[in-house]
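What follows is one structure encoded as structure tokens, with my remarks underneath.
The values are calculated or read from the model by the stated rules, or taken from the named source; none is laboratory data. For clarity, every value in this text was computed on a predicted model and none was experimentally measured. Reconstructed Cβ throughout: ideal geometry from the backbone, glycine too, with neighbour counts over all protein chains shown. Note: areas computed on protein heavy atoms with side chains; ligands, DNA, RNA excluded. Shrake-Rupley method; radii C 1.70, N 1.55, O 1.52, S 1.80 Å.
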Amino acid sequence: AATIAVPNFVQFIRNNQVQAKADELGSFLQYARAQAVSKRESYEIDLTQWQIYPVGDSTAVERKLEINSSQPTITFAPSSATSVVFSAQGMANPAIKFTICRDNDAANGYLLDIRPSGLIKRFQRGYKDDSNTLTSCTSF
């Protein structure tokens, strides 16, 4: 029984870690947008340091997302982006997509999509939109 239960339990834990990181990233992104709208000023998310601050004042960091190698991996496209800016109206520039995966397991990964309107959408586990499966954690 243990040879069946242990691998399933390990996969269960890994799936929960990926979901928790997707939830954490979604909250992080929503925070930046909410701050921009409520304070009526643009807010930037620095994707190299994973920090949120008002545009033009990188010393006024309000929130930081912890990233380490033991957690699921976050990748984004376009990969050339170094930041995302939410305007005072909640609009995002650039539009960007994030995947959260562990061990390149796209079937158990999540895709978060920030649209130009500022809408942040998280798709179901293993999907890159409402009907197509996520086939890669790095190219979507």
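Would you point out which residue out of THR59, THR75, THR82, THR48 is open to solvent by 30 Å² or more (accessible area, probe 1.4 Å), in contact with a Leu (Cβ under 9 Å, 6 or more places away or on another chain) and of a type in the set (Val, Ile, Thr)? Only one candidate passes the filter, namely THR82. In summary, GLN71 fulfils each of the numbered conditions (1) over 14 Å from the mean Cα position of the chain (by Cα); (2) modelled with pLDDT under 95 with the single exception of condition (1).
For region 90-134, a residue qualifies if it is under 13 Å from the mean Cα position of the chain (by Cα), under 24 Å from ASN8 (Cβ atoms) and small (Gly, Ala, Ser), and exactly one does: GLY109.
Close Cβ contacts (under 6 Å, 6 or more residues apart or on different chains) running from residues in region 35-53 that are farther than 19 Å from THR75 by Cβ to residues that are among the β-branched types (Val, Ile, Thr) and open to solvent by 20 Å² or more (accessible area, probe 1.4 Å) comprise SER42/VAL55; SER42/VAL85; GLU44/VAL55; GLU44/VAL85; TYR53/VAL61. Those strands (runs of 3 or more DSSP E) of region 36-105 in which at least 1 residues are among the aromatic types (Phe, Trp, Tyr) and in contact with a Gly (Cβ under 8 Å, 6 or more places away or on another chain), considering only elements entirely within it, cover 83-86. Against the numbered list (1) at pLDDT 95 or above; (2) more than 27 Å from SER38 (Cα to Cα), SER79 comes up short only at (1). As a summary of the residue check, CYS137 satisfies the conditions (1) within 13 Å of the chain's Cα centre (by Cα); (2) over 25 Å from ARG14 (Cα atoms); (3) not β-branched (Val, Ile, Thr) except for the one numbered (2).
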